[in-house]
Amino acid sequence: MIGGTLPAGVHHADTRTELTDPPLHPGEEEYIALSVDGRRREFTTTRACARRALAALGIASVPILPGVRGAPQWPAGVVGSMTHCTGYRAAAVASTADTLTVGIDAEVNEPLPDGVLEAVSFPHEAAAVHALGRTQPQVRWDRLLFSAKESVYKAWFPLTERFLTFEDARITWDVPGDGRTVTAGRFTAELLVGGPWPTGRLLPGRWNLQDGLLCTSIVLPARLRTPATTPNPTATHTTGPSEDKEYT
């Protein structure tokens, strides 16, 4: 699943069941105390995944408190991202010595609700979704487009402290034209906001489809870092206009 989209050096943990070990820290308990049970389970399980991923970096269990709009605040020297959807939770982390930013997203491989594709896509993106749906129907390309843009936004804000909407990135797919059935691949996100662009206008991404889940990621290596692109571990990001979604 998400691990199949991540390069070496990025550590992840994921699960299709709810986790309670390791337990929440006191500050996390306080943050989530008044939430409904479903939100509490999402929050607890994604943090359990995050702590397991951090352990692979040699980092002991620490509180991972949400910032604005719920974006996780990572320990110093770490970049990362979390995601959750129905039946799946995941976290991915990396050292800032190796990785500049990480954005991940997971979605169930089902059609978007009516009207959402039009809200999150450009006309040529929607046309590509429909064309690919005819030749590669095993993938819900509308949902994959949504996921790809979510990963872009999660990776972008820690670099720039600038918000994006769905109209600020354009996605193109690298799909073979020989008729082979695809369940994994690459995409490119073109940033349409004004510069400066810390890593250039084009961001490379990866995706896969496994066990009914679509996963996407944007991971940029540390060699792209400039003085203006030091990650801000307390930064957050926004979704586009179609979904008010907390990032665990």
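Given the criterion open to solvent by 30 Å² or more (accessible area, probe 1.4 Å) and under 16 Å from the mean Cα position of the chain (by Cα), identify the matching residue among V93, V108.
Numbers: V93 fails: open to solvent by 30 Å² or more (accessible area, probe 1.4 Å).
After applying the criteria, what remains is V108.
Quickly run through segment 1-53 and pick out the residues that are open to solvent by less than 20 Å² (accessible area, probe 1.4 Å), part of a helix (DSSP H, G or I) and not polar (S, T, N, Q).
I2, E28, I32, F43, R47, A48, C49, A50, R51, A53
Taking T165 as meeting all but one of (1) closer than 19 Å to G205 by Cα; (2) more than 20 Å from the chain's Cα centre (by Cα); (3) β-branched (V, I, T), write down the number of the exception.
So the condition that T165 fails would be (2).
Kindly provide the set of residues from segment 60-72 that are part of a loop (DSSP other than H, G, I, E, B) and open to solvent by 30 Å² or more (accessible area, probe 1.4 Å), ordered by number. Full working, then the answer.
To start, the set of residues in segment 60-72 that are part of a loop (DSSP other than H, G, I, E, B) comprises 60-65, 67, 71.
Scanning segment 60-72 gives A60, S61, V62, P63, L65.
Can you pull out every residue in segment 162-220 that is over 23 Å from A119 (Cα atoms), among the β-branched types (V, I, T) and touching a strand residue (DSSP E or B) at 6+ places or on another chain (Cβ under 9 Å)?
Across segment 162-220, the qualifying residues are V175, V182, T183, T199, V219.
Take P75 and tell me if it is open to solvent by less than 40 Å² (accessible area, probe 1.4 Å) and assigned to a loop (DSSP other than H, G, I, E, B). Don't jump to the end; show me each part of the working.
Values: open to solvent by less than 40 Å² (accessible area, probe 1.4 Å): yes; assigned to a loop (DSSP other than H, G, I, E, B): yes.
Spelling it out, P75 is indeed open to solvent by less than 40 Å² (accessible area, probe 1.4 Å) and assigned to a loop (DSSP other than H, G, I, E, B).
For segment 123-162, which positions are hydrophobic (A, V, I, L, M, F, W, C) and open to solvent by 50 Å² or more (accessible area, probe 1.4 Å)? So that I can check it myself, show each step before the final result.
Of the residues in segment 123-162, the ones hydrophobic (A, V, I, L, M, F, W, C) are 126-129, 131-132, 139, 141, 144-146, 148, 152, 155-157, 159.
Across segment 123-162, the qualifying residue is only A127.
The values are calculated or read from the model by the stated rules, or taken from the named source; none is laboratory data. What you see is a predicted model, and the numbers here were worked out from it, not measured in a lab. For neighbour counting, all protein chains shown are included, and Cβ atoms are generated from backbone atoms with ideal geometry for every residue, glycine included. In case anyone asks, the SASA skips ligands and DNA or RNA and just uses the protein heavy atoms, side chains included. Shrake-Rupley method; radii C 1.70, N 1.55, O 1.52, S 1.80 Å.
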